[in-house]
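Okay, so here's the structure we're looking at.
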DNA sequence: CCAGATTCTTTTCCTTCGTCAACATATTCG
DNA sequence: CGAATATGTTGACGAAGGAAAAGAATCTGG
């Protein structure tokens, strides 16, 4: 189950139709720069092989000329599985070709050693494959497993997972062997970014960032159609930007002061609320209730968090200059509590035209994380690594004029 | 004077030889992924047209097989001009194909209106073209003008230059008309980044950042072989990252507190030294002298600057995860005064593998800025914008789920 | 209702480009 | 002196996309 022989134009046309919804052939040609003939030629095998279908006429009365025919991807042509691994739970999802969920399952994780986790993933996958709701679901093409930490999707290795205490685990290979399904793995935030790039609010943008707010605060960056991984596997570590500001006296888990996470993560908000109210048993739900009921001290905690978040978002905008920043994560459920502060701080700190960056908020139910895995799996099919000629594939270290450190 | 008809492989081979010094054809093939035959075929017209030459054998005793032949670019095959525009001075440079300076000139700028500046640039260019040292210099191919602010290199327009108070000036066109030389313009820091990418410490790296320290503090980013411009023309604005920390009480020119520039720019250092010593007439040179002589209060000023800089550099490392960060700018001349602090802070704040980022320092005499212009001009020849098919050339705004602000 | 205009789509032809495979070349090793 | 080995060259071949013209389907205006 692969796309027709990967002539560049075929892939390009498919990607364009995928990310920009139903389009006419002519429109595809204009968007991609391909000639009309090339579009027809590329579309033919895709139609023959049922990857795309012809729909009716585009809406909107035309004036003259031959009416165009819309083509769209057949979402049910292929399915994917996504699994998100957390410290104590697995979230699984089965999707169609557009990474839209068809079925979801979760499973507790009672042990964190590699074998147990692989087994649990394998069981969850089995459930998803045989789920009744999946009876009529598209045939599964591949599986994407996501996990926070230093993950090398290229080699399929988890270099380091802090909360599982894993080092150098060839997870993709292990899961593939256990499930019999082709498997890719990826960092969780990057996977979410891939999902937005291909199937979400980042589709077609030259650059955008996804900021996730929750237990941790992270970011995924997409620049020029590629999700940034960082030369050493680290990128988008927005949680430890030293924004200082109010609350800078709080120590972060990373050992520094002034980190965004130390002020704006769920945990940090709970702790600060406890401190502000003197009640050491308060939960996040309590904090939200108090803030919504108008408690000044607690509102101040959220305001500080919003300020830190606004500074972080402004930092991303100033550094990368993305077209859009998508604010997401579990923490967004309570976004109303700091939206104003985020907006104000962002406007104040964004420099010049960086203010023009489009800020949008997307709720992120936890199951959505698993969708990232499916998106990464789908990406394998949709945008296979073309071994295309490039400058300096082998990176050879140049001389080091003068080192610091 | 253009490269032989731009077959992709020809450009690719030329770029590879240019950025990776003398190479054998076989090595070029391995690095680019081209077949041996394709390399030979691409090299032939380049040799015929004198863009590259064959050198001798590679050093290092080979074991067996036909000895290889090195090929290298002929630096004297083409020349470029670069001009950097500042508030009160122009710096010009004439370079060879590898953006290496052959002659430099400077000129005072007594008026800042567009006509005067264009005229001054034109005069400076004339001097460079007719300079005696340039007698045997390569024929000039094109000119690159750089200037700080919001510059759109694609359209050749200066959208906004704060210190010249320009808005929407079609500078490239004006200079081209005045000089008769094909002209491109670019933001100064981005131009410096282009220079490093093609001809400097960034050659062949998958990603790197250039941080310039001086009157202002800026950064240029190169990711995946492309210099990041930002969707709205703003990127790398590291000077206004809200790092807070010590000295956060100082107000920045941008109106915020805690900006890196408010603590670590040349101006900020002078002001803080004046404050620390109570002497309102001190200059930067005095500050440096005092610090070198061991004055504790002044050393503290530099230390604070180093701390802020370290935080900024760590922020870039955490966000982008570049392979290398090049610290440069006029301020680097006194780098010894805050090197330790920069290193310490960076190590503390860089998250996980972001610490592996290679930090190097490159002195940047002011004339070097002009070289950036030449590099941008060279880039036009060396890496012309290929109108190659791409995903969503037209960026059409998608729906906006929920706006903030 | 028909001719013309218009726009989308398809087809045909042709050029470009890079791979493949065979061959030529030049050196070291046994 | 072969044999082995690696580099560089050449020509046939095929994939891929552009150009241009033909075909298709609709609207407009007479």
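A short reminder: the numbers here are calculations on the coordinates, not readings from a lab. The shown structure was predicted, so the numbers you read here are calculated from the model rather than taken from an experiment. Here Cβ is always computed from backbone atoms with ideal geometry, including for glycine, and neighbour counts include all displayed protein chains.
Among A:63, A:241, A:3, B:119, the order by Cβ neighbours within 10 angstrom, fewest to most, reads A:63, B:119, A:3, A:241. Using a 7 Å projection from Cα along Cα-to-Cβ, the label point at residue B:294 is separated from the same position in the remaining copies by 6.4 nm, smallest value first.
Once you keep just the Cα pairs under 8 angstrom separated by 6 or more residues, what percentage relative contact order results for chain B?
Working: 804 pairs, mean separation 62.3, N = 405.
Across chain B, relative contact order equals 15 percent.
Extension gain, residue B:35 to residue B:281, is 82.0 nm, computed as 0.36 nm per intervening residue step minus the present C-alpha separation.
If you run the Gaussian network model on chain A, springs between alpha carbon atoms under 10 Å, then out of A:121, A:326, A:181 the most flexible one is A:181.
Relative to the longest principal axis of the Cα atoms of chain A, helix A:114-130 runs at roughly 50 degrees.
For the protein assembly as shown, what is the mean residue ellipticity at 222 nm derived from helices alone (per DSSP H run of n ≥ 4: -39500 (n - 2.57); sum divided by total residues; nearest 500 deg cm²/dmol)? Working shown, then result.
Values: 24 runs with 296 residues, N = 810.
Using -39500 (n - 2.57) per qualifying helix, the result is -11500 deg cm²/dmol.
Contour minus end-to-end for residue A:297 and residue A:108, with contour as 0.36 nm per residue of separation and end-to-end as the Cα-Cα distance?
Working: separation 189, 0.36 × 189 = 68.04 nm, distance 3.66 nm.
Roughly 64.4 nm would be gained on extension.
The distance linking the stretch B:292-354 with the stretch A:1-76 is 52 Å (Cα centroid to Cα centroid, whole angstrom). Across A:173, A:197, A:379, mean-square fluctuation computed from a Gaussian network of chain A (C-alpha pairs under 10 Å connected) peaks at A:173.
Each residue in B:334, A:183, B:277 was given a count of other beta-carbon atoms within 10 angstrom of its own, and listing them fewest first yields B:277, B:334, A:183. Distance to the A-onto-B rotation axis is smallest for one chain A Cβ; residue and value in angstrom are A:244, 1. Peptides A:267-274, B:369-376, A:141-148, A:300-307 ordered by packing proxy, namely the average of other Cβ atoms within 10 Å per residue, highest first: B:369-376, A:141-148, A:300-307, A:267-274.
Based only on the alpha carbon positions, what is the Kirkwood hydrodynamic radius of chain A, in angstrom?
Numbers: mean 1/r = 0.0436 Å⁻¹.
Radius from the Kirkwood sum: 22.9 Å.
Summary for residue B:33: label point 7 Å along Cα→Cβ; distances to the equivalent points in the other copies, ascending, 1.8 nm. Distances between equivalent label points of residue B:5 across the copies, with each point positioned 7 Å along Cα→Cβ, amount to 2.6 nm, shortest listed first. Any idea how far the Cα center of the stretch B:88-106 sits from the one of the stretch B:176-197, in Å? Here the two parts' Cα centres lie 12 Å apart.
Extension gain, residue A:154-residue A:68: 0.36 nm per intervening residue step, less the Cα-Cα distance, totals 26.9 nm.
Derived from the Cα gyration tensor, the three semi-axes of the equivalent ellipsoid of the stretch A:41-80 are 25, 13, 5 Å, largest first.
How many percent of the alpha carbon pairs in the stretch B:9-49 exceed a separation of 12 Å?
Details: 395 of 820 pairs.
Summing the P(r) of the stretch B:9-49 above 12 Å gives 48 percent of all pairs.
Averaged over all directions, how much area does the convex hull of the C-alpha atoms of the stretch B:196-350 cover when projected, in nm²?
Working: hull surface 36.9 nm².
Computed as one quarter of the Cα hull surface, the answer is 9.2 nm².
Against chain A, whose longest principal axis comes from its Cα atoms, helix A:8-19 is set at around 50 degrees. Angle of helix B:36-48 to the longest C-alpha principal axis of chain B, folded into 0 to 90 degrees and rounded to 10: 90°. In this calculation the C-beta distance from residue A:340 to residue B:57 is compared with R0 = 41 Å, giving a FRET efficiency of 0.05. Ellipsoid semi-axes for the stretch B:96-149, based on the Cα gyration tensor and the rule √(5λ), read 23, 13, 9 Å when sorted largest first. Between residue A:7 and residue B:7, the modelled label-to-label distance comes to 2.1 nm, taking each label 7 Å out from Cα in the direction of the beta carbon. For the residues of B:3-12, the average number of beta carbons from a partner chain within 10 Å of their own beta carbon is 1.
Going by neighbour counts of Cβ atoms within 10 Å, the residues A:136, A:177, A:127, B:84 line up, fewest first, as A:136, A:177, A:127, B:84.
Would you kindly work out the equivalent ellipsoid of the protein assembly as shown from its C-alpha gyration tensor and give its semi-axes, the square roots of five times the eigenvalues, largest first in whole Å?
Details: eigenvalues 364, 278, 131 Å².
Listed largest to smallest, the semi-axes of the protein assembly as shown are 43, 37, 26 Å.
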